[in-house]
Amino acid sequence: MLGRWFVNSSKMPKLRIGALEAEIPIVQGGMSVGISLSGLASAVANEGGIGVIGSAGIGMLETDFSRNFSGANIRALTKEIRRAREMTDGIIGVNIMVASSDYDDLMLVAVNEGADIVFLGAGLPLRSPRKIPVERLKNISTKVVPIVSSARAANIVFKYWAKSYNHIPDAVVVEGPLAGGHLGFKREQIDDPDYTLEKILTEVISVIKVFERQFDKDIPVIVAGGIYTGADIYKFLQLGAQGVQMATRFVGTLECDASLGFKETYINCQEDDLVIIDSPVGLPGRAIKNQFLEDVLKGMKKPFMCPWKCLKTCDYETAPYCIAFALTNAKKGRLKKGFAFAGSNAYRVDKIQMRIA
């Protein structure tokens, strides 16, 4: 069982988000561009955790994405949620980037398809999705969970929702600087002891308590970034978190939706292969060093045509490469034409777990 993979599940508290109850307080991080789809998400959900489909760039796996990127994203996300529902009765979430140009469309798909939770990252969700009226947002069964990297960000989001909607999100994920992919920190903050997950968690809990009292509502705080072992889980639960989010650990599983080549990139990497890069979307990110990234660091530009500006913050006219194409190539195992995002513990993945269960 998933719980026994990490720690004795009988000793682990359940994670409750409103009416939802996960038997194990583990959220599988939503890894986009095809890394966590219905296969991985449903497997985690079947074991009592919360499985999450990554929605960013999901349409790049469709044959017509270059002609109809938005339509391909909508179609692909719809299919993956439905497939997950066919494979599990457990809790299924969707990770959506606020910075996505089709953020509103993806939110509408997730809600209409009955996703249990939407995790909103890569930007602060300071407005109701245009296609989902506030009154509907208040009454849907789908739980809304922003991902933040500081107590200040958590306070901004919750204060804005409270004032504008008389309503607040159902939980919050606080992601520290040891996470993979795009990071909500400046380069100089990543190794700064003032920005450790332990410190940020304590500050976020203090902020959230104010809104719990104001709305007489339990708001679980979930931690992410560098969580890898049962001891890690125990430590953060003892510090006051109600759950943990893990992504890197799930790449080394049979059920992960990425190619074998992508998974082997994790298995073969060493600790010093994990580097911080400057993403074309204007954020630092943690990735596994390879020739593609070394070429970019040397100033080489990887030619591409942008079929559709998928991220609002991407300056595609000056970008040295298309990050969506690079990550899609990596998912397919074409690492000469892309690279893999990874958390700080990726070097600890030494084999493919034959089954999560």
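The values are calculated or read from the model by the stated rules, or taken from the named source; none is laboratory data. These numbers come from a predicted model, not from an experiment. So basically every Cβ, Gly included, is an ideal-geometry build from the backbone, and we count neighbours across all protein chains shown.
Looking at the structure I just gave you, is Arg75 farther than 22 Å from Val157 by Cα and among the basic types (Lys, Arg)?
yes
Residues checked against (1) buried (at least 24 other Cβ atoms within 10 Å of the Cβ); (2) among the polar types (S, T, N, Q):
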site	(1), (2)
Glu21	no, no
Pro25	yes, no
Gln28	yes, yes
Gly39	no, no
Ile53	yes, no
Ala56	yes, no
Glu62	no, no
Ala72	no, no
Arg85	no, no
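With the requirement that a residue be modelled with pLDDT under 80, among the polar types (S, T, N, Q) and either assigned to a helix (DSSP H, G or I) or touching a Phe, Trp or Tyr at 6+ places or on another chain (Cβ under 7 Å) (or both), what does region 57-78 give you?
Once the filter is applied, which keeps residues that are modelled with pLDDT under 80, among the polar types (S, T, N, Q) and either assigned to a helix (DSSP H, G or I) or touching a Phe, Trp or Tyr at 6+ places or on another chain (Cβ under 7 Å) (or both), region 57-78 yields only Ser70.
On the given criteria, is Thr78 within 25 Å of Tyr228 (Cβ to Cβ), surrounded by fewer than 19 Cβ atoms within 10 Å (Cβ to Cβ) and in contact with a helix residue (DSSP H, G or I) (Cβ under 6 Å, 6 or more places away or on another chain)? Give the derivation first.
Working: within 25 Å of Tyr228 (Cβ to Cβ): no; surrounded by fewer than 19 Cβ atoms within 10 Å (Cβ to Cβ): yes; in contact with a helix residue (DSSP H, G or I) (Cβ under 6 Å, 6 or more places away or on another chain): yes.
Against the criterion (within 25 Å of Tyr228 (Cβ to Cβ), surrounded by fewer than 19 Cβ atoms within 10 Å (Cβ to Cβ) and in contact with a helix residue (DSSP H, G or I) (Cβ under 6 Å, 6 or more places away or on another chain)), Thr78 does not qualify.
On the given criteria, is Val275 in a helix (DSSP H, G or I) and at pLDDT 85 or above?
No: the conditions fail for Val275.
(1) modelled with pLDDT under 95; (2) under 22 Å from Gly29 (Cβ atoms); (3) not β-branched (Val, Ile, Thr): which one isn't true of Pro146, the others all being true?
Here Pro146 clears every test but (1).
Scan region 31-43 and give yes if some residue there is of a type outside the set (Ser, Thr, Tyr) and at pLDDT below 90, otherwise no.
Restricting attention to region 31-43, the residues satisfying the condition of being of a type outside the set (Ser, Thr, Tyr) are 31, 33-35, 37, 39-41, 43.
Subsequent filtering for residues that are at pLDDT below 90 retains 33-34.
Yes, region 31-43 has at least one match.
Looking for something buried (at least 22 other Cβ atoms within 10 Å of the Cβ), modelled with pLDDT of 95 or more and not small (Gly, Ala, Ser) - is there at least one such residue anywhere in region 3-16?
yes
Looking at the structure I just gave you, is Arg152 at pLDDT 95 or above and under 19 Å from Met31 (Cα atoms)? Steps first, answer last, please.
On the way: at pLDDT 95 or above: yes; under 19 Å from Met31 (Cα atoms): no.
Judged against the criteria, Arg152 is not a match.
Any residue in region 321-341 that is at pLDDT below 90 and surrounded by fewer than 13 Cβ atoms within 10 Å (Cβ to Cβ)?
No; the residues of region 321-341 include none that is at pLDDT below 90 and surrounded by fewer than 13 Cβ atoms within 10 Å (Cβ to Cβ).
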